[in-house]
Protein chains: 2
Amino acid sequence: MTRHTTDTLTIRQMCDAFGVTPRTLRFYEAKELLSPLRQGTRRLFSHKDRARLTLILRGKRFGFSLEEIRQLLGMYDPAGSNGAQLEKTHEIALERLALMEAQRADLDIAITELKGQLVEIQGRIARFRAAAE
Amino acid sequence: MTRHTTDTLTIRQMCDAFGVTPRTLRFYEAKELLSPLRQGTRRLFSHKDRARLTLILRGKRFGFSLEEIRQLLGMYDPAGSNGAQLEKTHEIALERLALMEAQRADLDIAITELKGQLVEIQGRIARFRAAAE
DNA sequence: CGTCATATTTACGTTAACGTCAACTTTGCT
DNA sequence: AGCAAAGTTGACGTTAACGTAAATATGACG
């Protein structure tokens with residue numbers, strides 16, 4: 001039985017929970033997107049790490065690069081202490097927000113068009129079947 | 001003055017209109033996402049090509065791969081003649097639609113969260129300024 | 001204490017989506 | 001006719017985001 005008194009996860013448990021590979025988690029750590037604790041040499045993923053990974057994977061689904069995601073993550077922890085840093089983070093957040101709202105508008109258009117095409121295709125299928133008597 | 005009686009565009013005009021490079025357009029052609037006409041050896045991009053490129057670039061913004069986009073494009077032209085082909089296209093369209101609606105839901109969540117963070121950060125900035133007397 | 005499962009580092013391999021450069025060919029103008 | 005601009009086809013280079021394999025270490029357990 002694997003031992004874990006706390007609410008931290010081993011790399012394998014983390015992988016199973018999120019459907020990613022160990023390589024991916026180590027890669028994200030190398031890119032400073034995650035910073036799991038160490039128990040000796042092994043990684044332990046806390047609740048915070050899980051929250052961050054959720055954000056990372058969501059960002060990826062929107063087509064953001066890991067570097068863009070890393071900047072976004074910056075604003076989810078209480079780090080940015082000094083004024084200039086806060087301003088910078090605020091600026092990035094505003095840009096991202098605008099981008100995401102534009103993306104949402106785009107997505108609505110694409111969904112509408114796709115639905116239209118679906119009807120079209122269904123019509124073609126119906127006509128095809130009718131033609132086959 | 002560049003000559004063009006018809007409503008087709010040269011590769012340069014196409015690039016300027018969409019903000020892409022010639023390499024990109026040739027690459028998309030090689031991947032069968034576009035099929036511009038030829039006047040001798042040179043490419044001529046029709047209205048149809050422009051419509052397709054719009055769809056391609058939109059798909060990219062959603063994080064779709066070119067291969068996924070190619071399949072999506074399949075349903076925007078009247079090609080898919082036989083029954084099995086139509087069924088296949090229909091199936092792909094349904095999958096993509098589900099995916100895009102899920103993505104939209106995700107995007108709404110992300111936008112809401114990001115707005116919350118913005119308020120948070122603005123609060124921190126305000127408190128920071130206040131602390132500076 | 002030995003062994004097996006799990007993990008770690010190091011390092012080279014891979015795929016997608018172009019960038020970049022070289023060596024032509026083709027047009028448009030003068 | 002002749003030259004510069006624009007276009008074409010290879011072919012090799014590059015970056016992001018991991019995959020994969022090898023060698024090593026560590027922890028649990030009979």
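Only one of these is within 16 Å of DNA strand C (Cβ to nearest atom) and surrounded by 15 or more Cβ atoms within 10 Å (Cβ to Cβ): A:45, A:27. Name it.
Of the residues listed, the single one that is within 16 Å of DNA strand C (Cβ to nearest atom) and surrounded by 15 or more Cβ atoms within 10 Å (Cβ to Cβ) is A:45.
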Test: residue in the stretch B:37-56 that is touching a residue at least 24 places away in the same chain (Cβ under 8 Å), at the interface with another protein chain (Cβ under 8 Å from one of its Cβ atoms) and over 27 Å from residue A:77 (Cα atoms): no
Yes/no for residue A:14 being over 22 Å from residue B:104 (Cα atoms) and touching a strand residue (DSSP E or B) at 6+ places or on another chain (Cβ under 7 Å): yes
So residue B:109, is it free of Cβ contacts under 8 Å to residues at least 40 places away in the same chain and more than 7 Å from chain A (Cβ to nearest Cβ): yes
Residue in the stretch B:59-94 that is farthest from the other protein chains (Cβ to nearest Cβ), counting only those that are under 22 Å from residue A:64 (Cβ atoms) and surrounded by fewer than 18 Cβ atoms within 10 Å (Cβ to Cβ): B:67
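Is it the case that residue B:27 is assigned to a helix (DSSP H, G or I) and within 13 Å of chain A (Cβ to nearest Cβ)?
Criteria not met by residue B:27.
Quick note: the coordinates plus some simple rules give every number you see, no bench work behind them. The structure presented is a predicted model; accordingly, all values stated were derived computationally and were not measured. Ideal geometry is used to build each Cβ from the backbone, glycine not excepted, and the neighbour counts take in all protein chains shown.
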